[in-house]
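Step one of this worksheet: look at the structure below.
Read the figures in this text as sums done on the coordinates, not as results from a lab. Please read all numbers here as calculations on a predicted model, not as lab measurements. Methodologically, a virtual Cβ is constructed for each residue, glycine included, from the backbone with ideal geometry; neighbour enumeration extends over all protein chains shown.
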Ligand code: GAR
C-alpha cells in the first residue's frame, strides 16, 4: 500500500505541482489528492493537468469532524500544506499528529503568524531592511507557523531586491528543497513506526 499524501493549496499551486512531479512513480509515496479552499485557485487547473483528484471545501466543512474523518477513511496518511492560508482546525491536527507539514516563505520565527503569507511576508522582510530571508518547513500545530522546524534554507536579500525578485528566490529554494524534505520526513517516520511494530 502506498503512503498517501494530500496536498492543500490556496492559490497558484506551483509547489503542489512540484511535489506531485517529484512523487510521480515513487516507490512508496503517492500524492493522492489536491485540496483547496478557493474554487478559483489555479492549483485546480494544475491538478487536472496532473491527473490528480481534487476537492474544493468551504470553511464550515473544513472545521467539521467529518472532514478529517473523510480524509482518514480515504487512506490519507500525511497532509502537506503548500501555500495554504487557513488555520488548521484542532480535530485535523488530532487526526494527523506530526503528520501535517507546512512551508513558510521566511525564516521562522521571524515573519510568521496571522496575515503573514505570500507577498506580505516579502514586503515585510524588505521593509525591515533584512539582509537575508529563506524558507522554513515545519510541522503544523494549532497556531499559525509555530510547529517544530524540520528544515530551513537561506537566501540573501539585496538592496535592489523587490517583492517580485525576492519571491522568485524564495520559490527557487522551495522547489529545490520541499519535496526532498517531505520525502525524508515521511520515510523516516514510517520506518520508526514499522520498527516499533516489529519489537
Ligand atoms: C509559497 O511561497 C509558500 O511558501 C507560501 O505561499 C507560496 C505559494 O506559492 N506560503 C505561505 O505564505 C503560508 N504562510 P505556490 O502557490 O506557487 O506554491
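Those strands (runs of 3 or more DSSP E) of segment 1-72 in which at least 3 residues are in contact with a helix residue (DSSP H, G or I) (Cβ under 8 Å, 6 or more places away or on another chain), considering only elements entirely within it, cover 3-8, 29-36.
Scanning segment 166-196 for residues that are more than 20 Å from residue 6 (Cα to Cα) and either in contact with a helix residue (DSSP H, G or I) (Cβ under 9 Å, 6 or more places away or on another chain) or in a strand (DSSP E or B) (or both) returns 166, 167, 170, 171.
Just to be sure I understand, how many residues within segment 115-141 are closer than 20 Å to residue 12 by Cα and without any contact (Cβ under 8 Å) to a residue 60 or more places away in the chain?
Start the filter on segment 115-141 by keeping residues that are closer than 20 Å to residue 12 by Cα, which leaves 115-123, 134-137.
After this cut, where a residue has to be without any contact (Cβ under 8 Å) to a residue 60 or more places away in the chain as well, the list is 115-117, 119-123, 134-137.
Of the residues in that region, 12 qualify.
Residues in segment 82-106 that are touching a residue at least 60 places away in the same chain (Cβ under 8 Å), under 25 Å from residue 2 (Cα atoms) and surrounded by fewer than 21 Cβ atoms within 10 Å (Cβ to Cβ): 98, 99. Here is the figure for segment 6-51: residues that are touching a strand residue (DSSP E or B) at 6+ places or on another chain (Cβ under 7 Å) and within 15 Å of the ligand (Cβ to nearest atom) total 15. Inside segment 88-140, residues that are touching a helix residue (DSSP H, G or I) at 6+ places or on another chain (Cβ under 6 Å), more than 10 Å from the ligand (Cβ to nearest atom) and in a helix (DSSP H, G or I) make up a count of 4.
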